[in-house]
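Working notes for the structure below.
What follows draws every value from the coordinates through simple rules; no lab data is involved. No experiment lies behind these values; they were computed from the predicted model shown.
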Amino acid sequence: MTSESEETEVITVTEWYYAVKNYSGGSEEQLTVISGEPLHLLDDSDNEWWYAISPRTELAGYVPALFIE
């Protein structure tokens, strides 16, 4: 019997960030967050949109940079 192995992406968190306002993502690429929610920041190379993952929902997406600190 052969079992298939699942690949798991490992994310190294160096610093926590937090949502400072509620944001309702308007598309599949955007992440809905609630004020005070901790986030793992994955990409902050764009000044307006940051890519983050929510440990609460285990979803990733773009959030306006002004909504995260």
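Things worth noting here:
- Theoretical gain in end-to-end length, Leu59 to Ile34 [0.36 nm per residue, Cα-Cα removed]: 7.7 nm
- Working note: Debye formula, equal point scatterers on the alpha-carbon atoms of the stretch 23-69, no solvent; log10 I(q)/I(0) at q = 0.20, 0.25, 0.31 Å⁻¹ is -0.53, -0.87, -1.37.
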